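Heads up, the thing below is written out as structure tokens.
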Amino acid sequence: MEILAHYGYDLTGKRVTVVGRSLVVGKPVAMMLLQKNATVTLCHTRTVDMPAVCREAEILVVAAGKAGVVDASYVSPGQVVVDVGINMDPEGNLCGDVDFEAVEPGASFISPVPRGVGSVTTSVLAQHVVRAAESLSGQSRV
């Protein structure tokens, strides 16, 4: 959500597909997107013809939990792709749920892995810690 806001994406009325229905990422992201008035489709392992469903979206958020599961067949030209995945490839390198090399040429934006969503998550968590500490300053502690 922070990445989309940073780049000025107005989610109102946008078709957004989320790949992954976990309680940690998929469902919470879908709820946050709905709060921003996006039209949300939630895909999972039982979704019929998932590549076709994903191509219909203007924004694709991938939190599938499987390295490289989303390839170019899932993406339409000019689509925004946010890769939330964090995996290890067979060579031991960090990679996402999206096959970056295959998808990047057709996407208008794609978040990299590493140095993408994970870095933003760390920054947001640090902001929360600072806010919590500031809210405690001046209060008596037991």
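The values are calculated or read from the model by the stated rules, or taken from the named source; none is laboratory data. Because the structure is a prediction, the values reported are computed rather than measured. Every residue, glycine as well, gets a Cβ built from its backbone with ideal geometry; the counts of neighbours run over all protein chains shown. Heavy atoms of the whole protein, side chains included, go into the accessibility calculation; ligands, DNA and RNA do not. Shrake-Rupley method; radii C 1.70, N 1.55, O 1.52, S 1.80 Å.
Return the residues of the range 1-24 that are hydrophobic (A, V, I, L, M, F, W, C), assigned to a helix (DSSP H, G or I) and loosely packed, with under 14 Cβ neighbours inside 10 Å; say none if nothing qualifies. Outline the logic, then answer.
Step one: of the range 1-24, the residues hydrophobic (A, V, I, L, M, F, W, C) are 1, 3-5, 11, 16, 18-19, 23-24.
Now drop any that are not assigned to a helix (DSSP H, G or I), which leaves 3-5.
A5 - this is the single residue of the range 1-24 that is hydrophobic (A, V, I, L, M, F, W, C), assigned to a helix (DSSP H, G or I) and loosely packed, with under 14 Cβ neighbours inside 10 Å.
If I86 meets every condition in (1) β-branched (V, I, T); (2) within 30 Å of G13 (Cβ to Cβ); (3) surrounded by 14 or more Cβ atoms within 10 Å (Cβ to Cβ) apart from one, which number is that one?
Unmet for I86, out of (1) β-branched (V, I, T); (2) within 30 Å of G13 (Cβ to Cβ); (3) surrounded by 14 or more Cβ atoms within 10 Å (Cβ to Cβ): (2).
Please work out if A52 is hydrophobic (A, V, I, L, M, F, W, C), more than 15 Å from R21 (Cβ to Cβ) and open to solvent by 30 Å² or more (accessible area, probe 1.4 Å). Steps first, please.
On the way: hydrophobic (A, V, I, L, M, F, W, C): yes; more than 15 Å from R21 (Cβ to Cβ): yes; open to solvent by 30 Å² or more (accessible area, probe 1.4 Å): no.
Answer is no for this residue.
In the range 45-70, what residues are farther than 25 Å from A5 by Cα and assigned to a loop (DSSP other than H, G, I, E, B)? Outline the logic, then answer.
In the first step, residues of the range 45-70 are kept if they are farther than 25 Å from A5 by Cα; the result is 45-52, 66-69.
Residues satisfying the conditions are T45, R46, T47, V48, D49, K66, A67, G68, V69.
Quick one: count up the residues across the range 25-49 that are open to solvent by 30 Å² or more (accessible area, probe 1.4 Å) and in contact (Cβ under 8 Å) with a residue 12 or more places away in the chain.
Narrowing the range 25-49 to residues open to solvent by 30 Å² or more (accessible area, probe 1.4 Å): 25, 27-28, 31-32, 34-37, 39-42, 44-49.
Now drop any that are not in contact (Cβ under 8 Å) with a residue 12 or more places away in the chain, which leaves 25, 27, 32, 36-37, 39-42, 44.
Residues meeting the conditions: 10.
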